[in-house]
Amino acid sequence: MKRVYIENLGEHVGEVAELRGWLYHKRSSGKVRFLVMRDGTGLLQGVMVKGGVSDEVFERFDALTQESSFSMTGKVKKDDRAPGGFELEVSDVNVIAIAEEYPITPKEHGIEFLADRRHLWLRSSRQHAIMRVRHRIIKAIRDFFDGRGFTLMDSPILTPAACEGTSTLFETDYFDLGKAYLTQSGQLYAEAGAMALGKVYCFGPTFRAEKSKTRRHLTEFWMVEPEVAFNDLNDDMELAEDFLEYVVQNVLKDCEKELKVLERNTALLQNVKAPLPRISYDEAVEMLRKKGINFEWGNDLGGTDETVISEQFDRPVMVHRYPAQVKAFYMKRDPQNANLALAVDVLAPEGYGEIIGGSQREDDLQALLDRIKEHNLPQEAFEWYLDLRRFGSVPHAGFGLGVERTVSWICGLEHIRETIPFPRMIYRNTP
Ligand code: 4AD
Ligand code: MG
């Protein structure tokens, strides 16, 4: 007997096949019994008629509860009315395990109820669709960089020092060596990689002890960070817009089904094509003031400010040259204006806010030493990083894209908690 997956049924029309999965729902009508199975690749309706199978098999229908695991065998038929486009003329059913009363039913549940049962919630069609889109996004990220000759070079998770500011570090004891910290970004190590291999990216989990309880913040999230030797800020922005176009267009091409399940209006996503609009921080401030927001030059853009700015555009917008005082120590100053950092943030439309943060890096040894002092960072911990400026320093630039913010935006979700299998947030570290 051929065991097949629901997504491959098209290759087996007219054949007898065995399918294994879980009971999504069932119903009966007169002498006919309908069993809808999900197997992780799709939904399939099996149809069983009294008299068409042995009574023993027919009665197994009664025992099956929602989420019971079972197998069913039968002839594969094309049926355009059926969910998924196929139907199974069931000749045999075998129970694998009868499920206890399943806590998640088609009725509306509160978000905390579902979040407490995340391990089960992942089985629902909406979560299934989100996980598939997440997977496609991650594949597109890798394909993009691999296709352009980048080398994946991952950074350590346990690190001796801060990278994105000391206020959001998770700390842990590290044997006799004192404290270690969970990384906030792999960037500093990616810079070493770029000096060795030219074009690299790291792609891993990052951690921020963010006190923010917003729909955009996780304490553990995945970030991809390309870093390129000899790139300047302009090259960095060109890489970012080509990259976003590639990711979004591939998801649109391959995840039509999933985006439909999520009822995502994809009109604005179609617009994500290079070049993307670019505005300076100064222009962004002007824009906010015109909208009646009393924004003081020199402050960082807050979530609401980002939303107001991005609402002026029908595609992501790149905001560049921020005040150096609100940005990280490693960013290069603008040679035209020392108060500005050669930074870029990409803001997604529809209120999704910053999805990419990047910059050209400070490549001058003395300037970097000064920054480390100004930021009160321990110089010893950065000696290896300073070496990159001592031994053949070159201009270089990179950025970081947060996977979960990107999933949230592309799927059109209300909250980032649904974008990752098991979210970690200020008030949640279970299940
Ligand atoms: O802007 P950030 O802090 O930049 C960096 O970490 C740089 N070292 C990246 C680089 O240049 N290599 O973070 C980058 C992105 C943000 O734009 C956002 O998408 C995501 O990471 N991010 C978060 N996502 C979820 N929850 C949080 N708490 C996040 N903080 C940042
Ligand atoms: Mg940022």
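At VAL95 and GLN325, where each label point lies 7 Å from the Cα along Cα→Cβ, what is the point-to-point distance in nanometres?
7.1 nm
Could you run the Karplus curve 6.51 cos²θ - 1.76 cosθ + 1.60 with θ = phi - 60° over region 405-415 and give me ³J(HN,Hα) per residue in whole Hz, x for Gly and Pro?
Once rounded to whole Hz, the list reads 4, 5, 4, 4, 5, 5, 7, x, 8, 6, 9.
Carbon and sulfur atoms: what percent of the 1.4 Å accessible area of region 38-121 do they account for? Numbers along the way, then the final one.
Numbers: 2250 of 4420 Å².
Answer for region 38-121 is 51 percent, counting heavy atoms of protein chains only.
For the chain, give the magnitude of the charge dipole about the Cα centre (Cβ charges: +1 Lys/Arg, -1 Asp/Glu; no others), in debye to the nearest 20.
The dipole of the chain has a size of about 1300 debye.
So which lysines pass the test for LYS211, namely a Cα distance under 19 Å, with those fewer than 8 places away in the same chain ruled out?
LYS327
Quick check: the angle from helix 187-197's long axis to the longest principal axis of the chain, C-alpha only, nearest 10 degrees?
The answer is roughly 80 degrees.
If you keep only loop residues by DSSP, which chymotrypsin sites (Phe, Trp or Tyr not before Pro) in region 218-249 have at most 12 other Cβ atoms within 10 Å of their Cβ?
Here the sparse-neighbourhood loop sites are PHE230.
Roughly how many whole Å is it from the C-alpha centroid of region 44-121 to that of region 238-294?
Result: 40 Å between the Cα centres.
Restricting to DSSP loop positions (anything but H, G, I, E, B) with no more than 10 other Cβ atoms inside 10 Å of their own Cβ, which GluC sites (Glu not before Pro) remain in region 106-178?
Here the sparse-neighbourhood loop sites are GLU108.
As a quick test, which of the pairs LYS2/LYS77; LYS26/LYS78; LYS50/LYS75; LYS31/LYS78; LYS75/LYS260 have an alpha carbon distance above 18 angstrom in this structure?
Pairs exceeding 18 Å: LYS26/LYS78; LYS31/LYS78; LYS75/LYS260.
Return the whole-Å distance between the Cα centroid of region 317-381 and the Cα centroid of region 143-163.
Each part's Cα centre sits 19 Å from the other's.
What 222 nm value per residue comes from the helices of the chain, counting each DSSP H run with n ≥ 4 as -39,500 (n - 2.57) and dividing by all residues, nearest 500 deg cm²/dmol? Please report the intermediate quantities before stating the final value.
On the way: 13 runs with 130 residues, N = 431.
Calculated mean residue ellipticity at 222 nm is -9000 deg cm²/dmol.
The values are calculated or read from the model by the stated rules, or taken from the named source; none is laboratory data. For clarity, every value in this text was computed on a predicted model and none was experimentally measured. A quick note on method: Cβ atoms are made from the backbone with ideal geometry, for glycine too, and the neighbour counts reach across all protein chains shown. Remember, those area values only see protein heavy atoms, side chains included, never the ligands or the DNA or RNA. Shrake-Rupley method; radii C 1.70, N 1.55, O 1.52, S 1.80 Å.
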